[in-house]
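Reading through the C-alpha cells given below for one structure.
The values are calculated or read from the model by the stated rules, or taken from the named source; none is laboratory data. All values derive from a computational prediction rather than experimental measurement. No Cβ is skipped: glycine too gets one built from the backbone with ideal geometry, and neighbour counts run over all protein chains shown.
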Amino acid sequence: MTACYESPVNGSHGSYFNTLTPTYYPPNGDCSDFYVPIHLDYEQPDLNITKWTNPYELQDFLSSLTARAGAMNPQQAPFGATKRFTGDYEIAASFCTPKKPKDGKEKVVIMATHGIGPARSHWNSPYKPDEFNFVKFALEKGYSVFFYDRLGCGASSRISGFEATLSTASAVIKTLATSLKQGKYTAHIKPSKLVLLGFSFASFTIHSTIAESPSIADAVILTGIGLNATAGLGLNPNGLIRSFVPRIANVENPALYGDRDEGYVTWPSVFDLIMNYFKAPFFAPETATFTESAKEPYAIGELLTFPGPASISAEKWDKPALHLTGEKDYIACDGDCAKDGIYETPSREYYKNARPLQLSVHPGASHHVNFHANATGAFEVITAFLDANVH
C-alpha cells in the first residue's frame with residue numbers, strides 16, 4: 001500500500017485521512033463507509049471575541065487569554081451570551097463487524113470518537129496495525145466498531161472554528177448514538193449494547209453528555225481523561241494553551257487546510273505534538289512522525305471548552321464506566337497520573353453510582369495511549385472490561 005502519510009512534506013501529508021474510504025481496513029473485519037446526514041440544534045455560549053484574520057492577531061488573543069488574572073480586559077472574555085445554533089451536516093463514518101463472530105459479542109457496538117489532533121484513523125491506524133490499530137484488536141475479540149470523523153475533521157462537513165465547541169461535539173454524539181441504538185448504520189447488526197469510547201477531547205465530551213443524558217449508552221470508556229482541575233496537579237488550561245502553540249491552520253498548510261476558516265488552528269511541528277502526547281522512552285520517533293503526518297486541525301472553541309466538564313458530576317450514570325489514561329499523561333495530569341491520588345479524585349465521586357467504575361493508569365504511556373509501545377496492553381484492558389461488564 002502506498003499512502004500519503006509516508007511523505008509528510010510539501011502539503012501532501014494527511015490527504016489520505018480526508019477521504020471517506022481509507023486504503024486500509026483490518027483483514028479480520030467486514031467494513032463499510034458512509035456519510036451520515038445529521039441535523040444539529042443546540043445552545044451554547046457564543047464565542048465573544050474579535051475574529052482574527054492573521055497570525056499576529058491570534059497571537060495577541062492567546063497572550064491576553066493566558067495572562068494572569070486581572071491582566072486581561074474583561075470585555076475580551078472568550079464567551080458571551082447563550083446562542084442557538086442549527087445546521088445540517090454530513091459525518092464521514094465507518095462500521096466494522098468481525099468476520100468470525102464470537103458468542104454474539106458482535107452485537108455490542110463500540111462507537112469510537114477521536115479527540116483533538118487525529119481523524120477517525122486514530123482507531124484504525126494503517127501504520128503498524130498489529131501494534132496500534134484498535135479496530136483490528138476489538139474485532140479479534142468479537143466486538144463491532146463504529147468510528148467517525150468529528151465535525152470539521154477528516155471527510156466530515158466543515159463548520160466554522162469560531163462556532164465548534166464541546167457543545168457542538170456533544171450534539172453530534174447524541175445524534176449518532178440515537179441512530180446506532182435504532183440499528184442504523186450498523187449493517188445487518190441490531191446492537192444489543194452501545195458503548196461510547198472516547199479519546200481526549202472526545203472523552204471530556206462524552207463525560208459531559210452522559211452526565212446530562214445517561215440513557216444514550218450502555219457503557220462508557222474514556223481514554224486520555226483526567227477530571228482533577230487542581231492547579232499544578234491535574235488539568236492546567238493556561239499551560240495547555242501555551243504548550244499547544246496554536247497557529248492558524250490554513251496559514252500553516254494552505255494546501256491541506258485551506259478549506260477551514262481562521263478559527264481552526266494546529267501546532268507547528270512534531271515536537272509540539274510530542275510535548276503533549278508522547279513520553280520518552282515509551283515511543284518510537286517514527287511513530288510520532290506518523291501521527292504528526294495524520295493530524296487534523298482543531299477549532300479554537302474546542303480548545304477553550306474541553307476542560308469545562310472537569311467540574312461536572314456524572315452521578316446519574318449507573319452503568320459500567322472505564323477511565324484509562326497514560327501514567328505520564330501531560331494533558332490530563334500535568335505529566336504524572338500515578339501520584340497524589342489525582343486520577344482517583346474526583347472521578348470516584350463523580351462516578352460514585354457507576355456499576356462498576358474502573359480507573360486504570362496505564363504504564364509506559366503519555367496522552368496518546370494508542371501509539372505508545374504498549375498500546376495493545378491498553379486495548380486488552382478495554383476489551384477485558386467489556387468482556388466482564390457488557391453482555
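Figures for the structure shown
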quantity	calculated
Qualifying residue in the range 332-350 (condition: touching a Ser or Thr at 6+ places or on another chain (Cβ under 9 Å) and among the small types (Gly, Ala, Ser))	yes
Matching option when the condition is under 18 Å from the mean Cα position of the chain (by Cα) and assigned to a loop (DSSP other than H, G, I, E, B), among Gly183, Gly115	Gly115
Scan of the range 214-244 for residues that are crowded, with 21+ Cβ neighbours inside 10 Å and among the hydroxyl-bearing types (Ser, Thr, Tyr), ordered by number	Thr223
Members of the range 186-229 that are within 19 Å of Leu359 (Cβ to Cβ) and part of a strand (DSSP E or B)	Val195, Leu196, Leu197, Gly198, Phe199, Ala219, Val220, Ile221, Leu222, Thr223
Scope the range 128-153; condition in a loop (DSSP other than H, G, I, E, B), over 16 Å from Ser32 (Cβ atoms) and within 19 Å of the chain's Cα centre (by Cα); matching residues	Asn133, Arg150, Leu151, Gly152, Cys153
Lone qualifier among Arg348, Arg355 - being modelled with pLDDT of 95 or more and either of a type in the set (Phe, Trp, Tyr) or assigned to a loop (DSSP other than H, G, I, E, B) (or both)	Arg355
Residues located in the range 163-206, provided they are touching a strand residue (DSSP E or B) at 6+ places or on another chain (Cβ under 6 Å) and either free of Cβ contacts under 8 Å to residues at least 12 places away in the same chain or under 25 Å from Tyr277 (Cβ atoms) (or both)	Ala164, Thr165, Ser167, Val195, Leu196, Leu197, Gly198, Phe199, Ala202, Ser203, Ile206
So Leu235, is it of a type outside the set (Val, Ile, Thr) and in a strand (DSSP E or B)	no
Cross-chain or 6+ apart pairs with Cβ under 9 Å, the range 363-391 first and under 20 Å from Tyr343 (Cα atoms) and surrounded by fewer than 18 Cβ atoms within 10 Å (Cβ to Cβ), then of a type in the set (Asp, Glu) and at pLDDT 95 or above	Pro363/Glu327
From the options Ile248, Ile225, Ile241, residue that is closer than 30 Å to Cys96 by Cα, among the hydrophobic types (A, V, I, L, M, F, W, C) and in contact (Cβ under 8 Å) with a residue 60 or more places away in the chain	Ile225
Given (1) within 28 Å of Pro356 (Cβ to Cβ); (2) in a helix (DSSP H, G or I), index of the condition Ala314 fails	(2)
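For (1) basic (Lys, Arg); (2) in contact with a Cys (Cβ under 8 Å, 6 or more places away or on another chain); (3) within 27 Å of Gly364 (Cα to Cα); (4) modelled with pLDDT of 95 or more, each residue gets a yes or a no:
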site	(1), (2), (3), (4)
Pro285	no, no, yes, yes
Thr289	no, no, yes, yes
Ile300	no, no, no, yes
Leu304	no, no, no, no
Pro307	no, no, yes, no
Lys316	yes, no, no, yes
Pro320	no, no, yes, yes
Asp329	no, yes, yes, yes
